Amino acid sequence: MGAVVFVETAHMRTTPTLLLFALPLLSEAQVPGDTLVMDFDEGATLVLDSVYPAGCWQVGAPAKPVFTTALSLPRALVTDTILPYPENSTCYAEFTLLADELDWNWGRWFEFDQWLDLAPGTRAWIEARDTWSMDWTRLVDGWYLSGNVVYLLEGPEFAGSTNGWEHVIFDSPCIGVMNGPDDRWYDPLMRLRFVFTSTSNVGGHDGWMIDNFRATATPCSGGISEEGINRLKVDPVPANDVVRLSFGSTIEGDAIIDLITTDGRVVLAQRIQGASLATLDVSAIENGCYVCRVSNKDMSSSARLLVAH
């Protein structure tokens, strides 16, 4: 059974539609302060545009032992609205957040309510489309403001049970937004997806229920304006041994340089003090695309780094 999704934008109203793959999104761009709403009921203003494969995620009125009702009646996004969630499966629910292409430093604040009832071995997390590697990666630690998550080698994910509705809040850290008009962490069309994977479902657990998703275009977290951030530059790109870093101006006090994988793991960290230049030895770092970030209590700036030996 596929997901029946009720869709509305500020300028378009549709009838109930069966969605299994991505559909074109027709709407104006989001501007700072605009809040998009997806409550999965008729009248939502954000499009859930891809649910796959069939038989897992559905939008509807839940009728399960634990999930008996949506937070905002009557519908929610549920791992099957009636049956226990499928075993040995991984399934995705995708949607798109819009921002004005001309203002590349806008971040995203988004929040939703969730209820988790997972069997051991079942896992749940959120990913964004990384346009550097053209792949999906988990949101890194700095995104999470509210919600019970566990931190594993692969990245943060939600714990097995919430015993009721839990309010979850994410905010774009400066590393997760953009570092200039030609250096994007995600496109103005930001793709997000809920990822749900299970090995078994002993005991007939209900899975994951999500409702009242809201997203607002904001500056990146920490209240740092782009003009106030030291501009980090790295050279050479690609690099194979020593990377030279320049910060645009002297960073006052202590700061730390992190080299971060696209799934949020810090693979190299180096402390600096009162510097405008620094070097990193990446000779032992695996080939791949990384984010190089310099930060302290007052600022954060990042740049893309490709390591190729």
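The values are calculated or read from the model by the stated rules, or taken from the named source; none is laboratory data. Being a predicted model, the structure only gives us computed values, none of them experimental. Methodologically, a virtual Cβ is constructed for each residue, glycine included, from the backbone with ideal geometry; neighbour enumeration extends over all protein chains shown.
List of remarks:
- All of I272, I260 fail the test of being at pLDDT 75 or above, of a type in the set (V, I, T) and touching a helix residue (DSSP H, G or I) at 6+ places or on another chain (Cβ under 9 Å), apart from I260.
- Remark: pairs (first residue in region 183-198, closer than 25 Å to C292 by Cα; second residue at pLDDT 65 or above and not in a strand (DSSP E or B); Cβ separation under 7 Å; 6+ apart in sequence or on different chains) = P188/L98; L189/L98.
- Extreme residue, farthest from the chain's Cα centre (by Cα), among residues of region 46-58 that are crowded, with 18+ Cβ neighbours inside 10 Å and in a loop (DSSP other than H, G, I, E, B): C56
- Hits in region 55-99 - residues which are modelled with pLDDT under 90, out of contact with any strand residue (DSSP E or B) (no Cβ under 7 Å at 6 or more places or on another chain) and closer than 19 Å to V37 by Cα: L98
- Selection of region 238-262 for residues being surrounded by 17 or more Cβ atoms within 10 Å (Cβ to Cβ) and charged (D, E, K, R) yields only D258.
- Every residue from region 100-139 that is over 24 Å from V47 (Cα atoms) and either among the aliphatic types (A, V, I, L, M) or modelled with pLDDT of 80 or more (or both): D117, L118, A119, P120, G121, T122, R123
- Restricting region 59-85 to residues that are within 22 Å of R123 (Cβ to Cβ) and surrounded by fewer than 24 Cβ atoms within 10 Å (Cβ to Cβ), the residue that is nearest to the chain's Cα centre (by Cα) is D80.
- Among all positions in region 26-37, there is no residue which is at pLDDT 90 or above and out of contact with any Ser or Thr (no Cβ under 6 Å at 6 or more places or on another chain).
- If you go through region 59-77 and keep only what is among the small types (G, A, S) and assigned to a strand (DSSP E or B), you end up with G60, A76.
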